[in-house]
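The block underneath contains the structure these notes are about, expressed in structure tokens.
The values are calculated or read from the model by the stated rules, or taken from the named source; none is laboratory data. Predicted model, so just to flag it, every value in this text is computed and none were measured. Because the Cβ atoms are built from the backbone with ideal geometry, glycine has one as well, and the counts that use them run over all protein chains shown. Areas reflect the complete protein model, heavy atoms only, side chains present, ligands, DNA and RNA absent. Shrake-Rupley method; radii C 1.70, N 1.55, O 1.52, S 1.80 Å.
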Amino acid sequence: MKLKIALFCALTATFATSALAQKAAEAPGGKYAKDAEQMFRASFRADNPKYWMTRLEQDETMKTCLQYRDNPPRKIGEKLEKLNAATIRYPVDGKLIGDWKEGEKLAAVGTGGHIGFIQPDPAGPRAWR
Amino acid sequence: MADELAKYREALADGNPADLLEVKGESLWAEKRGPKNASLEQCDMGLGPGKLEGAYASLPKYFKDTNKVMDVESRLVHCMMTLQGFTQEEVTKNWYSKPGKESDIEALVTFIGAKSNGMKINVPATHPEEAKMAKMGEYIFYRRSGPQDFSCSICHGQEGKRIRLQDLGNLTTKEGAGFAMKTWPSYRVSQGAVWTMQRRLIDCMRQARWPEPNYLADSIIALETYLQKNATGTVMETPGIKR
């Protein structure tokens, strides 16, 4: 019982101090955040296909996490967790495990989903950097 | 395992192929080239014309003549255009090397970098334009997007993270940023080439599954300013060598 109380106190203390720390830290970019967003978007090659460029879009969760340096206050964090959990869809056919051989292929390389004009790494166990 | 990696790195450091590139960069620097048949010896990398000792370690910085914060690569390209008369396209066509295609920029940056070896990184970003660039770099560092929900900070914003066996530095601290920044430009054994910081960061964006930035883009220079500011005070060990 004593241990439980001690644990509880330690946890509350951690939350309290991290909440304070979050208040103290300003959002990244400070007063230049808007300028920075504009500059970032203007920095990409004009010949990037449109669908590549959609990868720069941010949803509310991404925007909020940026604001709090990936460490939002618990209340906001819980909201985001619920919001995102609600978007999870199970496979319609009810099969939860797919083709594991295909999965293994994906796991063996680190380059899935890479885009860009510079030649991506060849697939294989050393394709990481 | 980390010890084994350290041993591997130590073994690599004995005879760095980047040394050859440094020598090539040195002769490129002094050679009269381009439509104006001029060398780069009057190039001002921030400490005055031709003054290269410690220049790399104090970049990016604000330059009055261009009214821009420039990194080593954008400043070098500027010099090759203004002093030697090359067009930007000519200079940046081979900004990184490919098998069978060497890059003058890689050689020159390796040479300029080596002139800061043993010196402290010194980017306090006190000029308002530099301070702004560092802040914008910070914004980009934490900005999340893409199919994997990545930002720089996802991998480099905490202590004790790794990808497979590779330790990931916490680039928000002096120690982490210093460890990362002090060894560039660096010879990449797995790539068989020297990588500049622009190449490194543009590749980070590739790994984040984002589209490809322009070479010398302001967003890359902003990230460099942010990282060099965090790393300020760390002693340079360049050219580096990595797996």
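Worth pointing out:
- Tally of residues being in contact (Cβ under 8 Å) with a residue 60 or more places away in the chain and in a helix (DSSP H, G or I) across region A:23-53: 1
- The set of residues in region B:15-73 being acidic (D, E), within 19 Å of B:A217 (Cα to Cα) and surrounded by 14 or more Cβ atoms within 10 Å (Cβ to Cβ) consists of B:D71, B:E73.
- Tally, over region B:119-140, of residues that are more than 7 Å from chain A (Cβ to nearest Cβ) and out of contact with any Gly (no Cβ under 8 Å at 6 or more places or on another chain): 12
- Residue within region B:207-216 that is over 19 Å from A:F44 (Cα atoms) and in contact with an Asp or Glu (Cβ under 8 Å, 6 or more places away or on another chain) present: no
- Residues of region A:54-76 classified as touching a strand residue (DSSP E or B) at 6+ places or on another chain (Cβ under 8 Å) and either assigned to a loop (DSSP other than H, G, I, E, B) or surrounded by fewer than 16 Cβ atoms within 10 Å (Cβ to Cβ) (or both), total: 2
- Figure legend. Inter-residue proximity from region A:60-77: first residues in contact (Cβ under 8 Å) with a residue 24 or more places away in the chain, second residues basic (K, R) and in a loop (DSSP other than H, G, I, E, B), beta-carbon distance below 8 Å, spacing 6+ or different chains. Indicated pairs: A:L66/B:R143; A:L66/B:R144.
- Pair list, Cβ < 6 Å and 6+ apart or interchain, from region B:76-93 residues that are open to solvent by 10 Å² or more (accessible area, probe 1.4 Å) to residues that are modelled with pLDDT of 95 or more and among the aromatic types (F, W, Y): B:T92/B:Y215
- One residue from A:L56, A:L83 being closer than 20 Å to B:Q207 by Cα and among the aliphatic types (A, V, I, L, M): A:L56
- Considering only residues in region B:157-171 that are open to solvent by less than 50 Å² (accessible area, probe 1.4 Å) and at pLDDT 90 or above, the one that is nearest to the other protein chains (Cβ to nearest Cβ) turns out to be B:G157.
- Of the residues in region B:123-138, none is under 13 Å from the mean Cα position of the chain (by Cα) and acidic (D, E).
- Whichever residue in region B:210-225 is open to solvent by less than 20 Å² (accessible area, probe 1.4 Å) and in contact (Cβ under 8 Å) with a residue 60 or more places away in the chain and, among such residues, is nearest to the other protein chains (Cβ to nearest Cβ): B:S219
- For region B:172-208, the set of residues classified as under 17 Å from B:S151 (Cα atoms), open to solvent by 20 Å² or more (accessible area, probe 1.4 Å) and within 13 Å of chain A (Cβ to nearest Cβ) consists of B:T172, B:R200, B:C204, B:Q207, listed by residue number.
- Residue in region B:149-188 that is nearest to B:A18 (Cα to Cα), counting only those that are assigned to a loop (DSSP other than H, G, I, E, B) and under 17 Å from the mean Cα position of the chain (by Cα): B:P185
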